[in-house]
1. Filter the range 52-65 down to the residues that are in a helix (DSSP H, G or I) and without any contact (Cβ under 8 Å) to a residue 24 or more places away in the chain, then identify the one that is nearest to the chain's Cα centre (by Cα).
2. So, in the range 182-191, how many residues would count as being in contact (Cβ under 8 Å) with a residue 12 or more places away in the chain and of a type in the set (Asp, Glu)?
3. Kindly indicate the residue of the range 272-294 that is aliphatic (A, V, I, L, M) and in contact with a helix residue (DSSP H, G or I) (Cβ under 7 Å, 6 or more places away or on another chain) and also nearest to GLU79 (Cα to Cα) among those meeting that condition.
4. Testing GLU219 on (1) closer than 27 Å to GLY96 by Cβ; (2) modelled with pLDDT under 95, one condition comes back false. Which one is that?
5. Could you list all residues from the range 220-261 that are assigned to a helix (DSSP H, G or I), farther than 14 Å from LEU174 by Cβ and of a type in the set (A, V, I, L, M)?
6. Considering each residue of the range 1-50, count those that are in contact (Cβ under 8 Å) with a residue 24 or more places away in the chain, assigned to a helix (DSSP H, G or I) and within 22 Å of GLU75 (Cβ to Cβ), and give that number.
7. Every residue in the range 188-209 that is modelled with pLDDT of 95 or more and over 28 Å from ALA126 (Cβ atoms), please.
Amino acid sequence: MKYTLRQLEVFLATAHSENISRAAEQLAMSQSAASSALKDLENQFDIQLFDRVGKSLQLNELGRLLQPRAEELLERARELEVAMGHHSQSGQLKVGATLTVGNYLAIKLMALYMEEPGAQVSLEVANTATIVDKVRHFILDIGLIEGEINHPDLEVTRWREDELAVFCSPAHPLAARGTLDDDDLQGATWIVRESGSGTRQTFDRAMHGLLPKLNTLLELQHTEAIKHAVEAGMGIGCLSRITLADDFARGNLVPLDVPGRSFHRYLYLIVHREKYRGAGLQRWLDVCWKFGGQEV
């Protein structure tokens with residue numbers, strides 16, 4: 001065999017980091033050893049896998065073609081190593097989740113997943129755009145997202161239903177009304193999620209025809225920050241009901257009805273179409289589907 005698994009590890013780490021020094025650091029190698037491994041891999045087959053752009057190494061067309069195959073081969077090798085060393089079928093799984101899913105659902109999914117001996121999972125929480133990008137580039141094995149996307153590299157599957165709710169502080173003038181019309185929506189001060197988030201995508205769609213007229217005071221990346229700002233009376237907000245259930249029950253935030261506007265959406269599972277469905281990934285999907293239609 002003309003290549004080694006170590007060479008493939010260097011190739012993939014470099015593809016993810018776009019820098020040989022960072023790749024070497026991730027693999028606990030010296031920079032010279034990592035550079036030699038990558039150079040040897042290319043020389044053995046008389047190929048070039050990267051284009052140098054400034055100080056970055058970016059995958060060229062051949063590198064992008066080979067990346068999924070190398071990912072699959074290494075994943076199978078890791079599974080074999082785990083099975084031989086620990087008599088287990090599930091190894092390390094890298095999961096990405098958007099804020100609503102990551103902060104309110106994913107932890108319980110992780111606990112269920114790790115009930116199998118030897119199963120390990122790491123979680124990265126970010127907005128939809130970031131999770132999608134990392135699944136596309138094989139940095140994450142699977143994503144659980146709120147936003148709607150359509151990309152040829154990704155398999156996107158509806159996972160479970162969700163709904164946003166408009167809400168305010170009990171002391172806010174709109175709390176006494178309970179039901180809002182378009183004039184109320186335009187006259188309110190809003191605190192919302194940032195562009196690129198799935199929640200913002202659903203909010204913008206629900207407010208079709210009114211967006212240019214809305215008074216947006218703050219755009220925040222974190223759900224809890226929005227809730228605290230609204231509770232302090234700075235404005236009204238719109239978030240997933242999953243994130244608001246406890247606050248509505250305690251009465252520190254109150255829901256506002258908006259007839260005629262749909263805040264319904266789905267949460268999605270995304271996987272790269274060429275991603276190898278190893279035992280760990282399949283187990284995670286099984287856990288998600290088992291509880292996809294109910295509260296986790």
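1. Checking each candidate, the answer is ARG64.
2. Of the residues in the range 182-191, 1 are in contact (Cβ under 8 Å) with a residue 12 or more places away in the chain and of a type in the set (Asp, Glu).
3. ALA279
4. Here GLU219 clears every test but (2).
5. ALA225, ILE226, ALA229, ILE242, LEU244, ALA245, ALA249
6. Final tally of qualifying residues: 16.
7. Selection gives ALA188 alone.
Table: residues versus (1) under 21 Å from TYR276 (Cα atoms); (2) outside any helix (DSSP H, G or I); (3) at pLDDT below 90; (4) in contact with a Pro (Cβ under 9 Å, 6 or more places away or on another chain).
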{"residue": "ARG78", "(1), (2), (3), (4)": "yes, no, yes, no"}
{"residue": "VAL95", "(1), (2), (3), (4)": "yes, yes, no, no"}
{"residue": "VAL101", "(1), (2), (3), (4)": "no, no, no, no"}
{"residue": "LEU112", "(1), (2), (3), (4)": "no, no, no, no"}
{"residue": "GLU115", "(1), (2), (3), (4)": "no, yes, yes, no"}
{"residue": "GLY118", "(1), (2), (3), (4)": "yes, yes, yes, no"}
{"residue": "LEU123", "(1), (2), (3), (4)": "yes, yes, no, no"}
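The values are calculated or read from the model by the stated rules, or taken from the named source; none is laboratory data. None of these values were measured; they are calculated from a predicted model. Every residue, glycine among them, receives a Cβ derived from its backbone with ideal geometry; neighbour counts consider all protein chains shown.
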